[in-house]
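Contents: one structure, followed by commentary.
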Amino acid sequence: MKHRRGFNPLERTSAHRKALHRNMVTSLFRYERIRTTKAKALEIRRSAEKLITRAKVDTVHNRRIVSSRLFDEGIVAKLFTNIAVRMKERPGGYTRILKLGERAGDASEVVILELVDYKLDTGDSEKKAKKEAKKEAKKEAKKEADKEEKK
């Protein structure tokens, strides 16, 4: 039974577990979406949500606490200036877990851990704009060719 267990140690030593948390939370804030196992995602989610809650109030004290947990100063700046500002009105629940299924090798459950306001960039708008520009250029070239033939 899991009574009175504070966290999942993930079968790692404390130093390994702390490094894992630090690296995965940093990756989550950098890419805003990561693919991992369900057990890790549930633990990383706890750490990430606490850091986002801290970052919502931009004080020197909070920056120092977050910096002690994340070693990348660029990510700390992004957390305070970008991510926390987007989450300002939200009272909690900053992350979402999407199930992907089981991994082929060991059948562990694989999930996507992402920030709730993550927008998947499919690049469709860019492709459409490029297509339109290409069509316009073709039309212009055709008009120019027709004008040349008439002369």
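Data overview
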| read-out | value |
| --- | --- |
| Order of SER14, SER47, SER67, SER108 - criterion: other Cβ atoms within 10 Å of each residue's Cβ, fewest first | SER14, SER108, SER67, SER47 |
| ARG5 paired with VAL60, simple spin-label distance in nm, labels 7 Å along Cα-to-beta-carbon | 4.3 |
| Nearest-20 debye value, the chain charge dipole, Cβ charges on Lys, Arg, Asp, Glu | 320 |
| Cross-link partners of LYS131 among lysines (Cα-Cα below 22 Å; sequence separation of 8 or more within a chain) | LYS139, LYS142, LYS143 |
| Residues HIS3, HIS16, HIS61, HIS21 arranged by fewest to most Cβ contacts within 10 Å | HIS3, HIS61, HIS16, HIS21 |
| Estimated 222 nm signal from helices in the chain, with DSSP H stretches of n ≥ 4 weighted -39500 (n - 2.57), rounded to 500 | -17500 deg cm²/dmol |
| Region 70-106 and region 1-34: distance between their alpha carbon centers, rounded to Å | 13 |
| Cα pair count fraction exceeding 22 Å, expressed as % - the chain | 56 |
| FRET E, pair HIS16, LYS127, Förster distance 35 Å, beta-carbon r, rounded to 0.05 | 0.25 |
| Dipole-positive endmost among VAL25, ASN8, ILE44 within region 1-49 (Cβ charges, Cα centre) | ASN8 |
| Proximal lysines relative to LYS38, as straight alpha-carbon distance under 23 Å, when same-chain residues fewer than 8 apart are discounted | LYS2, LYS18, LYS50, LYS99, LYS119 |
| Förster-model FRET efficiency, 30 Å R0, ARG103 and GLU49, C-beta, rounded to 0.05 | 0.75 |
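Each reported figure results from applying straightforward, stated rules to the coordinates on display, with no laboratory input. Computed from a prediction, not measured in an experiment: that's the story for all the values here. Note that we place each Cβ from the backbone using ideal geometry, even for glycine, and neighbour counts take in every protein chain shown.
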